[in-house]
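Q: There's a structure below that I have some questions on.
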Amino acid sequence: MPMPDTMPTKEVQSACDALVAHVRVAVLLTLKQGHPFGSHVPYLIGDDWSRVYLHLSRLASHTHHLLEDPRVSLFIAEPDGAGKNPSALQRLNLQGSGAILLPSHESYDGVKQRYLAQFPQSRMLFGFGDFAIWELHMSDAHLVLGFGQAYQAHSANPREWHHQKPDTQP
């Protein structure tokens, strides 16, 4: 079966932006004693996928994991539905590390306002002392736009997508 033509990087970025705009909750993967642990989390994407913001409670398991090991993956996926091919659903997998964004940081107020605009129902949580904004510094991205349409990017050039060639080794 021939592989679909690759898309120009601008179109790939537009598709990535559309997926992120459509899906407000992601799966945060942290490490629990060396094993992956997944949690659903609302997220706010930065100017590009290389920065992501979460508002997390210190009481949550995933926060305990992050405090022990800051390595994370964030998985954003198009919802499944009747008539859709589950193997062709669009999805974005980001890898990096997380750290608390201190209220004294110059970007804190702007991130908080953007987060509240995206998730106004979280306003009361900002008054709870156990919640903090986490900034995820993502280093790598893997984007699947459909069958044969996988792209990779790195944080050094976050808007430069490269088509993932199929592995030809046996």
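Each value in this text was obtained by applying a stated rule to the coordinates, not by laboratory testing. Quick caveat, the model's predicted, so the values are computed rather than measured. Neighbour counts are summed over all protein chains in view; Cβ atoms, including those assigned to glycine, are modelled from backbone coordinates with ideal geometry.
Q: Using Cβ contacts closer than 10 Å as the measure, can you line up Tyr108, Tyr53 from fewest to most? All intermediate terms of the calculation are to be shown ahead of the outcome.
A: Values: Tyr108 15, Tyr53 22.
Least to most surrounded, the residues fall as Tyr108, Tyr53.
Q: Among the lysines, select those whose C-alpha is under 29 Å from the C-alpha of Lys32, and discard any that sit fewer than 8 residues away in the same chain.
A: Correct list for Lys32: Lys112.
Q: Separate question: What ranking do Ser61, Ser87 get, fewest neighbouring Cβ atoms within 10 angstrom at the top?
A: Details: Ser61 12, Ser87 8.
By the 10 Å Cβ count, ascending, the order reads Ser87, Ser61.
Q: If each DSSP helix of 4+ residues adds -39,500 (n - 2.57) and the sum is divided by the residues in the chain, what number results at 222 nm, nearest 500 deg cm²/dmol? Display every interim value, and only then the final one.
A: On the way: 3 runs with 33 residues, N = 170.
That calculation yields -6000 deg cm²/dmol at 222 nm.
Q: Could you work out how far apart the two model spin labels at Ala77 and Arg58 are, taking each label as a point 7 Å from the Cα in the direction of the beta carbon, and quote it in nm?
A: 3.3 nm
Q: What Kirkwood radius, in Å to one decimal, follows from the Cα pairs of the stretch 80-170? The partial results should precede the final answer.
A: Details: mean 1/r = 0.0610 Å⁻¹.
Over the stretch 80-170, the inverse of the mean reciprocal pair distance is 16.4 Å.
Q: Given labels modelled 7 Å from the Cα in the Cβ direction, how far is it in nm from Phe147 to Val25?
A: Going by the 7 Å Cα→Cβ label model, 3.0 nm.
Q: Could you tell me the relative contact order of the stretch 9-163? Use alpha-carbon pairs under 8 Å, at least six residues apart, and round to a whole percent.
A: Working: 285 pairs, mean separation 40.9, N = 155.
Computed over the stretch 9-163, the figure is 26 percent.
Q: Using the beta-carbon distance between Asn85 and Tyr108 and R0 = 41 Å, what value does 1/(1 + (r/R0)^6) give for FRET efficiency, to the nearest 0.05?
A: Working: r = 42 Å, r/R0 = 1.02.
Result of the calculation: an efficiency of 0.45.
Q: Ok, one more. Over all directions, average the projected area of the Cα convex hull of the chain and note it in nm².
A: On the way: hull surface 48.8 nm².
Convex hull of Cα atoms, orientation-averaged projection: 12.2 nm².
Q: Please give the FRET efficiency for Asp69 paired with Glu11, using the beta carbon to beta carbon distance and R0 = 41 Å, rounded to the nearest 0.05. Working shown, then result.
A: Working: r = 36 Å, r/R0 = 0.88.
Calculated transfer efficiency: 0.70.
Q: So how far, in whole Å, is the C-alpha centre of the stretch 1-54 from the one of the stretch 69-114?
A: Each part reduced to its Cα centre gives a spacing of 6 Å.
Q: For the chain, set up a Gaussian network in which alpha carbons nearer than 10 Å are linked by springs, and say which option among Gly83, Gly46, Gly110 fluctuates the most.
A: Result: Gly83 has the largest fluctuation of those listed.
Q: I've got another one for you. State, to one decimal in nm, how far the label point of Arg123 lies from the label point of His154, with both points 7 Å from Cα in the Cβ direction.
A: For Arg123 paired with His154, the spin-label model returns 4.4 nm.
Q: Report, ordered by chain and residue number, the lysines lying within cross-link reach of Lys165, taken as a straight Cα distance under 21 Å and ignoring same-chain residues fewer than 8 apart.
A: Lys10
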